[in-house]
Amino acid sequence: MKDTNLGAFEELVLLAVGSLDENAYGVAIKDALEAQSGRSPSIGALHSALYRLEDKGFLSSKEGGATTERGGRRKKYYTLSGTGREALIKAHDLRMAFSQKIPGLNFNID
Amino acid sequence: MKEQSPKPRVQPPKLANRFLGWFIKGELLEEILGDLYEYHEELQDKPNWKRKLYYWFHVFHFLRPFAIKNFKKTQKLNYYGMYKNYFKIGLRNIFKYKTFSFINIFGLAVAMAVSLVIILMLVDQHDYDQFNVNKDKIYRVHSKVENSGIANASSPFPLSVTMVEDYPMVEKATRLLPGIGGDAIHSNGNYAEVRGFFADEQFFELFSFELKEGDKSTALKYPNSMIISSEVAYKLFNDKSAIGQTIQFSDRGLGLMKIDIGTGKEEKAVDWGTFTITGVIELEKYKSHIKFDMLTSSSTLPRLYEEKKVENLRNSWDNYSVCYTYLMTREGTSAYDLHVALNEMAESKYKNNERLAGLQLLSRNLNDITPGQFVGNPITLRLPIEAYYVLIILAMIIMISACLNYTNLSIARALTRSKEIGVRKVIGAKRRHLVFQFLMESVIVAICSLVMANVLLFVIKPALNGLWLSDILSFDLTANLLVYAGFLVFSLVVGVIAGIYPALVLSGFTPLKALKKVNDEKPGKIGFRKILSTSQFAFSLFFIVSSILVVRQFNHIMDFEYGFDKENVLNIPIQGNDYKMLQQEFASIPGVVGISACEFIPALLHQNGSSVSRKVNDENSFNAEYIRVDSEFVDNLGLSLIAGVNLTDGITTENRVLVNEITIKTLGFENIQNAIGVPIYLEGGNDALLIAGVIENFKFQNPIMGDGSKPLILRNQPELFSFVNVKFSGKNASNVLSELESKWAEIDAIHPFKYYMYDQQLSKSTRWFGDLVAVIGFIAFLAIVITCLGLLGMAIYLTERRTKEVGIRKVLGASGAQLTVLLGKSFLKILIAAIVISAPLSYLVNNLWLENFPNRVDFGIGTILIGSLILLTLGMLTISFQLISVSNRNPTESLKNE
């Protein structure tokens, strides 16, 4: 059975892909991560995570439009797969369930 | 709004991309590169170096397991089979074209054999002094007089001490003082001739010699101590222990080198007293440039100074040829530091010295002494590095010639292989594969040659050891495993050099052209190959001319007319005995017809020049040869007195001299008679010498060193004599010899009887030149053989290719002779071009060396013409058989043969 756990960085990448919807490819994901979390991963680390996530089945990809900035090379667009969405929800639920058990920690969800 | 012109697009660093492409999985490359490019674009506001740096940073971050490609898997494929195929095809090609393979392999093998000998020589020489632990820190100081091209291996006596005192960078120093050589005599009657040095205690601190017996820390400490070689120890004490034994030493001023053809002059034996043996050293174990039979402690010197047996040069900076100085520098001192220090030293000592101003003190590391640059006054005679350069150049010419043969023949055969090349290319071979294939073939050929060269070595080595020169230079040409490994690498390099050009040309064929067998080479046009052949023949002509000249010069020297009787004359070194007594004893022997004595034997290697003038301190002096002889010398050697009287014995007549006709002419006398009784002065001295008589000119110089037409002065000074010349009637020579020996034994019980036949001495003194002739002749012969083989190969190939043309011409009516001329024309052109290029060159270059011989043959157009003729004949002979056989072949055969 393949390891389908979600690491912290993987979760962030998955979130970023989801948030970018149709426009999630390498550099765009990196920019989104930077904007949201302030973390600036190396492209290598990002690709490594994407590769793993695709391998786990959380992401699916297709190749798309080339631009001059890329030296005429095609982009690889990623989209969340069904299991990807499930994994995100699971991770979120897990976090919520746990954090509510912490006394005095109030998340103010109205 | 300001219009901003778009910044020119800066490309990411190419090297980074190539690096990425090298390690990344192929399927990921496009996406990754794309992202990296885009990222690079985003950074365009940053300075360029920063962009580059970031780019590299991200590239390096792809060194992760997921992205790195599997290096192992991609290479395995079927390369083994491919290489095996190359190897097989290579071997098949060698066997298929046996003539070509033979020409290639034989030529390369010969050239390699010569190179291997030189490599062996260099390896042997390089081994010298390597046993010394401190070899990198030890330097010998050389002294070089201003305006002299050659440095001396020796240096002034006080140098070593002063250097240690004045410069802390010099840790230790030792000094070897030559000039001690004579007889060591044990009380049991055993005797040994020993030559060596005075050495100080530091000797063993610098050099890593070990003593077989004795303690090396004290062996040279006390006065009158002596360390001897185990060989000498055996002579003196047989198998008994030598330590603590005493010997009587009498010095005869023997030089360090034992080149025994009886040329040098000997000094009288002087008793130096008793010495104690404090050490025995096994010299055979050490490969050192320092050779000796004996080392005597320097602390003995004060006593010898006092007894006036050795000249005290302890404080003399003027005499720079007295001793050898070795300095050991402290850790971390560079050669340059020492160089500067020695410069300072020379500056301070010689600045105000009128005679030696500008004398340089130079340092030479121990590693660079053997083999090293030529120096004067060396401790041991070794081939200087310059000689190796000449040998290497000669070997390289042969090697290049052999490589050119390979190149030439391989390109010539290109057409036969074009189909193979085409097929390989169509199947998918890249150019580099083909290059590799062809290189592999040439390497196979080179390795075959190496095997053959090693066989040839077995023949060359004994021949080389047979040369007289190698006796003196003492080469050890045994190879070890490392050397063989070196040979293998060498042959690989040769293979690649020989094969690279054809490999590049052949692999460049386009498949279409190769398969269609398009021949864009016209039969008459050879282009590049023509140039190669021409240069080969140009070299050959040069070699032929040089060989002819060397042989002629050799014969000229061998046929030299000395103008005195050299047959039936024995020269006997008196070895410290009284010459008068020897003469008296020898004269009583029946068969002895004349006896004389002299200082040194004329026309051998020893010379003694002196300046001559008619007044004291005259500016107009000239140089003359100055030999001390007795009154019988002139008659004994068959010289003729043409004016005045002969020399007579006796102290009162010691200032009388004989001169030759040239001296008279140089002194400026028209009439010989007028010169009799005229005083002359030697070396600016005050004592007048009177001309007693004039002798006919004779050649008193060795033919290699001069033509003997120089002024000559003979004077009777018995205390300087060191040879007795015995002339005997030729009938019972062996009888005379045994009589002489028994008479000698009566007078001198210690030294064995030594004698030299004068005519043999003379021929031996020119023998090294004979060796040179042999070596150059041999190399020239090889070069010519290789070139002719190459020509033969070309002739075979080109004529075979034109058999059809020849057949058609024949059918149409051409005669065999006409066809031979047609086919031979292109070769003739090559030969003529070679002659035109090489004739003037060989004239110029050969004149360069010939001019160093004062006594030389005429070298004119004749020699060049003969050489050219030989080259033409050889060349034409080589190809004629092939040409004639092809021209006379029945046309039906060649035309039928498709």
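Sequence neighbours fewer than 8 away in the same chain don't count; with that in mind, list the aspartates and glutamates whose C-alpha is under 17 Å from residue B:25.
Here the aspartates and glutamates satisfying the reach criterion relative to residue B:25 are A:54, A:55, B:35.
If you line up the Cα atoms of the stretch B:97-169 on their principal axes, what length do they span on each, largest first, in Å?
Projected onto its principal axes, the Cα set of the stretch B:97-169 covers 73, 36, 16 Å.
Find the accessible area per residue for chain B; the probe is 1.4 Å, ligands and nucleic acids are left out, and the unit is Å². Can you show the working numbers first?
On the way: 42900 Å² over 898 residues.
On a per-residue basis, chain B sits at 48 Å².
So how strong a dipole does the protein assembly as shown carry about its Cα centre when Lys and Arg Cβ are +1 and Asp and Glu Cβ are -1, to the nearest 20 debye?
Working: 107 positive and 100 negative charges, 1557 e Å.
With Lys and Arg at +1 and Asp and Glu at -1, about 7480 debye.
Can you list which of the trypsin sites (Lys or Arg not before Pro) found in the stretch B:84-150 are DSSP loop residues with at most 10 other C-beta atoms within 10 Å?
Details: sites: B:84, B:88, B:92, B:96, B:98, B:135, B:137, B:140, B:144; in loops: none.
Qualifying residues, ordered by number: none.
Taking amide hydrogens as modeled 1.01 Å from N in the peptide plane, which residues meet the under 5 Å criterion relative to residue B:594, leaving out close sequence neighbours?
B:727
Rounded to whole Å and sorted largest first, list the principal axis extents of the Cα atoms in the stretch A:48-110.
Taking the Cα atoms of the stretch A:48-110, the three principal extents are 55, 24, 22 Å.
What distance in nm separates the two pseudo spin-label positions at residue A:62 and residue A:89, each 7 Å out from Cα along the beta-carbon direction?
About 2.4 nm separates the two model spin labels.
When only C-alpha pairs under 8 Å and at least 6 residues apart count, what is the relative contact order of chain B, in percent? Could the numbers behind the result be given before it?
Details: 1458 pairs, mean separation 123.9, N = 898.
Value for chain B: 14 percent.
To the nearest whole percent, what portion of all C-alpha pairs in the stretch B:569-645 is separated by more than 17 angstrom? Don't skip to the answer; put the middle values down first.
On the way: 1739 of 2926 pairs.
Summing the P(r) tail past 17 Å for the stretch B:569-645 gives 59 percent.
Which residues, if any, in the stretch A:73-87 lose at least 20 square angstrom of accessible heavy-atom surface (probe 1.4 Å) when the other protein chains sit next to their chain rather than the chain being alone?
Listed in order, they are A:73, A:74, A:76.
Filter B:291/B:580; B:430/B:513; B:14/B:46 down to the pairs with a C-alpha to C-alpha distance above 25 Å, please.
Violating the 25 Å limit, Cα to Cα: B:291/B:580.
Amide H of residue B:376: which non-local residues (sequence gap of 5 or more, or other chain) have their own amide H closer than 5 Å, using H built in the peptide plane?
The list, which skips near neighbours in sequence, is B:151, B:152, B:153.
Please name whichever of B:242, B:322, B:37 sits farthest to the positive end of the charge dipole of chain B, dipole taken about the Cα centre and charges placed at Cβ: Lys and Arg +1, Asp and Glu -1.
Farthest along the dipole direction, towards plus: B:37.
Would you list the P(r) distribution for chain B, with all Cα-Cα distances sorted into 10 Å bins from 0 and each bin expressed as a whole %?
Final binned percentages: 2, 9, 13, 16, 16, 14, 11, 8, 6, 3, 1, 0, 0, 0.
If I model a spin label as a point 7 Å beyond the Cα along the Cα-Cβ vector, how far apart are those points for residue B:315 and residue B:205 in nm?
Taking the two extended label points, one gets 2.5 nm.
Assuming 0.36 nm per residue, please report the length gained on full extension of the stretch residue B:671 to residue B:755 beyond their Cα-Cα distance.
Numbers: separation 84, 0.36 × 84 = 30.24 nm, distance 4.12 nm.
Stretched fully, the residue B:671-residue B:755 segment lengthens by 26.1 nm.
Report P(r) for the protein assembly as shown: all Cα-Cα distances, bin width 20 Å, range 0 to the bin holding the largest distance, values in whole percent.
In order of increasing distance, the bins hold 10, 25, 26, 21, 13, 5, 1, 0 percent.
How far, in nm, would the chain grow between residue B:299 and residue B:620 when pulled straight, counting 0.36 nm per residue and subtracting the alpha carbon separation? Walk me through the numbers on the way to the answer.
Numbers: separation 321, 0.36 × 321 = 115.56 nm, distance 4.61 nm.
The residue B:299-residue B:620 span can extend by a further 111.0 nm.
Scale the Cα Rg of the stretch B:321-452 by the rule-of-thumb value 2.2 N^0.38 Å and send over the ratio, two decimals. Present the calculation step by step, with values, prior to reporting the outcome.
Numbers: Rg = 27.7 Å, N = 132, 2.2 N^0.38 = 14.1 Å.
With N residues counted in the stretch B:321-452, Rg over 2.2 N^0.38 Å equals 1.97.
For the pair A and B, how large is the buried accessible area, both sides, in square angstrom to the nearest 100, if the probe is 1.4 Å?
So the total buried area for this chain pair works out to about 1900 Å².
Collect residues whose amide H, placed 1.01 Å from N in the peptide plane, falls under 5 Å from the amide H of residue B:279; neighbours closer than 5 in sequence don't count.
Distant-sequence amide H within range of residue B:279: B:226, B:228.
Above 17 angstrom, tally the Cα pairs of chain A and express them as a % of all pairs, no decimals. Mind dumping the intermediate values first?
Values: 3465 of 5995 pairs.
The answer is 58 percent, as a whole percent.
Measuring from label point to label point, each 7 Å out along Cα→Cβ, what is the residue B:239 to residue B:131 span in nm?
The two pseudo-label positions are separated by 2.5 nm.
Within the stretch B:56-136, count lysine pairs with alpha carbon atoms under 27 angstrom apart where the residues are 8 or more positions apart or belong to different chains.
For the stretch B:56-136, the number of qualifying lysine pairs is 10.
For residue B:699, which lysines qualify as cross-link partners when the Cα separation must be under 22 Å and same-chain residues fewer than eight apart are set aside?
Reachable lysines: B:265, B:566, B:665, B:710, B:727, B:764.
With a 1.4 Å probe and every protein chain kept in, tell me what percent of the accessible surface of the protein assembly as shown is carbon plus sulfur.
Details: 28400 of 49430 Å².
Answer for the protein assembly as shown: carbon and sulfur cover 57 percent of the accessible area.
Which helices pass in chain B if a helix is a full DSSP H run, must span at least 24 angstrom along its long axis by Cα, and must have mean Kyte-Doolittle hydropathy not below -1.0?
Numbers: long enough: B:26-42 (25 Å, -0.67); B:79-96 (25 Å, -0.49); B:98-126 (40 Å, 1.63); B:385-412 (39 Å, 1.70); B:431-466 (51 Å, 1.33); B:481-507 (37 Å, 2.26); B:528-558 (45 Å, 1.01); B:767-801 (51 Å, 1.62); B:816-850 (47 Å, 1.39); B:861-887 (37 Å, 1.94).
TM-like helix candidates: B:26-42, B:79-96, B:98-126, B:385-412, B:431-466, B:481-507, B:528-558, B:767-801, B:816-850, B:861-887.
Can you run phi through the Karplus equation (6.51, -1.76, 1.60; θ = phi - 60°) for the stretch A:50-58 and list ³J(HN,Hα) in whole Hz, with x for Gly and Pro?
4, 4, 5, 5, 5, 4, 6, x, 7
Kirkwood Rh over alpha-carbon pairs of the stretch B:542-689, then Stokes-Einstein at 20 °C and 1.002 mPa s: what D in µm² s⁻¹, rounded to an integer?
On the way: Rh = 18.3 Å.
Diffusion coefficient, whole number: 117 µm²/s.
Any idea what the dipole of the stretch B:366-446 comes to, in debye rounded to 20, about its Cα centre with Lys/Arg Cβ at +1 and Asp/Glu Cβ at -1? Walk me through the numbers on the way to the answer.
Numbers: 9 positive and 4 negative charges, 162 e Å.
Computed about the Cα centre, the dipole is about 780 debye.
Length gain on complete extension for the stretch residue B:355 to residue B:828, per 0.36 nm per residue less the alpha carbon to alpha carbon distance? Can you show the working numbers first?
Working: separation 473, 0.36 × 473 = 170.28 nm, distance 6.22 nm.
Contour length minus the Cα-Cα distance gives 164.1 nm.
The values are calculated or read from the model by the stated rules, or taken from the named source; none is laboratory data. In this text, all values refer to a predicted model and were calculated from it rather than measured experimentally. Note that we place each Cβ from the backbone using ideal geometry, even for glycine, and neighbour counts take in every protein chain shown. For the accessible areas, the whole protein counts, side chains as well, though only heavy atoms, and no ligand, DNA or RNA atoms are used. Shrake-Rupley method; radii C 1.70, N 1.55, O 1.52, S 1.80 Å.
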